[in-house]
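The values are calculated or read from the model by the stated rules, or taken from the named source; none is laboratory data. These numbers come from a predicted model, not from an experiment. Here Cβ is always computed from backbone atoms with ideal geometry, including for glycine, and neighbour counts include all displayed protein chains. SASA here: full protein model, heavy atoms, side chains in, ligands and nucleic acids out. Shrake-Rupley method; radii C 1.70, N 1.55, O 1.52, S 1.80 Å.
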Amino acid sequence: MRTDSSPGNLPAREHLPAGSAGTPVLDVVIPVYNEEKDLQPCVVRLHEHLKRTFPYAFRITVADNASTDTTPQVAARLESEIPEVRSFRLEQKGRGRALRTVWSASDAPILAYMDVDLSTDLNALLPLVAPLISGHSDLAIGSRLARSSRVVRGAKREFISRTYNLILRGSLQARFSDAQCGFKAIRRDVAQVLLPLIEDTGWFFDTEMLVLAERAGLRIHEVPVDWVDDPNSTVHIVKTATDDLKGVWRVGRALATGSLPLDRLARPFGDDPRDRDLTDVPKGLARQLVGFCVVGVLSTLFYLLLYSGFRSFSGSQIANALALLVSAVANTAANRRLTFGVRGRGSAVRHQAQGLVVFGIGLALTSGSLAALNAATSSPAHSTELAVLIAANLAATVLRFLLFRAWVFPDRRDETEASTVVASHNPSSNNPSSPTYGTTTAHQQHPQQRPHQQHPHTPLPQRPNATAPQAPYTNYDHSQTNEFRAGEAADRTWGDATMQLQAVRPHDHDPRDTRDAR
């Protein structure tokens, strides 16, 4: 798994304001490999739909994955004929590689992709991206397995799809319903932080992106879709399924070992400006309680077994002290890793020392309970001793959780905020149409400006008027297709080709729409 450092904690989600600007709001990527027959009908149909229904400026990007037929020529022709179409050529195969490359280079605030066969009904496109534009969600996916979805496909593919999603739910605890539907969208600010963490370059790219986003606490919006299976699909089911299972194992192992900095994808508490000033907001309390209870039950059983063993050759006080000491060390180590998610050896000795202080408090409670029992009766039964110890440990457990959460393993996100690197747009770039990003640290910002209060997105441009002249591309030659390697987008060494689009007139509408335009 990649462990590259990301630009930093995500800012609060903002509704992208409507306005007039040259940058398209939506960039729809169509990854293709040897699709010379289906590419043109797909792009024409998608362009017609967006032109008629989408209220903002858009772009369609054809990402050619090292095709060996005439697909590059078809893409170049579409690019020269349709102003909103761009084409990129990658010399390596892989749908995930194509999406990461184009998304990393795009300047549109909303990034989407769909399969070239257009199996998903296009009426779901606007509902897919609307939650991202409004700031409600971070990612959006089409779901063929939602109850209200209407799907036409064979029993074999239906079985494989449902089995795969059951595997994800059982192994990676995924809660989204459909990982492999080729109909997804993501906000660009999220993609900039999330994409460097994704390792897969093939079909598992979607699943890995969704699992990491979900584990990081990002909001995923699901849209029921109407979907018709393409009988001529070139996807190799067996090989894809094998690669997906390998990816599930790899991601599950990375999540278990904590090798991914998912905390850098965290959003602030609430998106209302009043919520952003809140301090000491509990984070992950429910999950921590569940983890602490599980560890506590196992530790208590371990403690009682140790006490019974030590009691066979020593007094009750000595047996209690030894059993509590051993179980306390194990309890602190388990809670450190499983409940509070602290990985690595850093501060492990300090945590154990603080855990021993908490152990001392527990020892005082349990020893005091035993002393009170011995004062009440000279020879208490062993079962009575265990009942008293269980009650005393229950009180000590509550106190132990509070001390662990507030003192031993506090949320130190605020302490590291000053050194967190955040992404910011650089409007002073020499090429105003090129998306240039700088890195700044929190202490370099204005003292009154919090890291998540970066400047808002530029206003959303309206859909261009069909009768208005279109501004030319910047630094682009229509006579040939842009070509670059997969790594060039991340390095930003290729030329930008941002479209400058005119704002739509307030009364612009589709002439084929027979409804009254009132």
Task: Residue list for region 80-97, filter: of a type in the set (Asp, Glu) and open to solvent by less than 10 Å² (accessible area, probe 1.4 Å) - done: Glu84
- [ ] Go through (1) modelled with pLDDT under 90; (2) crowded, with 24+ Cβ neighbours inside 10 Å and name the single condition Pro31 misses.
- [x] (1)
- [ ] Only residues that are touching a helix residue (DSSP H, G or I) at 6+ places or on another chain (Cβ under 7 Å) and either at pLDDT 95 or above or part of a strand (DSSP E or B) (or both): list them for region 110-124, please.
- [x] Ile110, Leu111, Ala112, Tyr113
Task: Identity of the residue in region 181-231, among the basic types (Lys, Arg) and not in a helix (DSSP H, G or I), that ends up surrounded by the most Cβ atoms within 10 Å (Cβ to Cβ) - done: Arg187
- [ ] Take region 56-79 and flag every residue that is outside any helix (DSSP H, G or I) and surrounded by 16 or more Cβ atoms within 10 Å (Cβ to Cβ).
- [x] Tyr56, Ala57, Phe58, Arg59, Ile60, Thr61, Val62, Ala63, Asp64, Asn65, Ala66, Ser67
Task: Condition met for Ser171 (surrounded by fewer than 22 Cβ atoms within 10 Å (Cβ to Cβ), in contact (Cβ under 8 Å) with a residue 60 or more places away in the chain and under 24 Å from Val62 (Cα atoms)) - done: no
- [ ] Tell me which residues, restricted to region 240-262, are of a type outside the set (A, V, I, L, M), touching a helix residue (DSSP H, G or I) at 6+ places or on another chain (Cβ under 7 Å) and closer than 23 Å to Thr339 by Cα.
- [x] Gly252
- [ ] Would you check if there is a residue in region 25-48 being within 19 Å of Ala185 (Cβ to Cβ) and part of a loop (DSSP other than H, G, I, E, B)?
- [x] yes
- [ ] Read through the list (1) more than 30 Å from Leu255 (Cα to Cα); (2) surrounded by 12 or more Cβ atoms within 10 Å (Cβ to Cβ); (3) in contact (Cβ under 8 Å) with a residue 40 or more places away in the chain, then give the number of the only condition that Thr384 fails.
- [x] (3)
- [ ] Scan region 122-152 for residues that are under 15 Å from Asp230 (Cβ atoms) and surrounded by fewer than 16 Cβ atoms within 10 Å (Cβ to Cβ) and jot them down.
- [x] Val152
TODO: For Leu132, indicate whether it is touching a Pro at 6+ places or on another chain (Cβ under 9 Å) and closer than 30 Å to Pro11 by Cβ.
DONE: yes
TODO: Would you point out the residue of region 153-168, among those that are in contact (Cβ under 8 Å) with a residue 40 or more places away in the chain, of a type outside the set (Val, Ile, Thr) and closer than 23 Å to Val211 by Cβ, that is surrounded by the most Cβ atoms within 10 Å (Cβ to Cβ)?
DONE: Leu168
TODO: Give region 308-329 a look and list any residue that's surrounded by 22 or more Cβ atoms within 10 Å (Cβ to Cβ) and not aliphatic (A, V, I, L, M), or say none.
DONE: Asn320, Ser327
- [ ] Test Leu394 against the criterion of being open to solvent by 30 Å² or more (accessible area, probe 1.4 Å) and over 30 Å from Leu255 (Cα atoms), and give yes or no.
- [x] yes
Task: Counted residues, region 233-261 - those being modelled with pLDDT under 80 and assigned to a helix (DSSP H, G or I) - done: 7
Open item on the list: With the structure loaded, tell me whether Leu373 is of a type outside the set (Val, Ile, Thr), exposed (fewer than 14 other Cβ atoms within 10 Å of the Cβ) and assigned to a helix (DSSP H, G or I) or whether it fails that test.
Closed with: no
